[in-house]
């Protein structure tokens with residue numbers, strides 16, 4: 001059952017209930033990178049919810065803290081985990097690569 005605080009966000013390939021603060025971020029991601037969730041594998045609504053919230057949180061964290069190497073490295077680990085679930089995050093990995101290059 002979905003929490004009353006959750007809202008529905010849709011992509012070309014799925015619908016996900018997420019925290020309200022994630023809706024605009026995920027809509028932007030799905031608009032800019034429509035294949036992001038094309039091969040997303042999740043066994044339940046709870047798993048889908050977790051990974052969509054994680055994706056939004058990671059994108060926000062990178063934007064807000066891109067000058068802190070530890071944050072960037074943690075985000076890279078999250079991205080790898082999300083890719084193992086089938087999310088296409090090449091665009092986010094490229095962004096992290098550019099940030100790392102600028103920090104070194």
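All of the numbers you see were taken from the coordinates with simple rules; none came from a lab. Just so we're clear, the structure is a prediction, and the values are computed from it rather than from any experiment. Counting neighbours? That spans all protein chains shown, and the Cβs are built from the backbone with ideal geometry, glycine included.
Tabulated data for the structure shown
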{"quantity": "Using alpha-carbon coordinates, inclination of helix 45-64 to the longest axis of the chain, degrees", "calculated": "30 degrees"}
{"quantity": "Gain in span if fully extended, residue 41 to residue 12, counting 0.36 nm per residue against the direct Cα distance", "calculated": "9.0 nm"}
{"quantity": "Label selected from (i) 68, 25, 14; (ii) 70, 35, 17; (iii) 45, 26, 23, the criterion being Cα extents along the principal axes in Å as computed here", "calculated": "(iii)"}
{"quantity": "Rounded FRET efficiency, nearest 0.05, which uses the C-beta distance separating residue 28 from residue 69 and R0 of 25 Å", "calculated": "0.45"}
{"quantity": "Residues 103, 26, 55, sorted so that the one with the fewest Cβ neighbours within 10 Å comes first", "calculated": "103, 26, 55"}
{"quantity": "Residue-span extension gain [residue 61 to residue 19] - 0.36 nm each, minus C-alpha spacing", "calculated": "13.6 nm"}
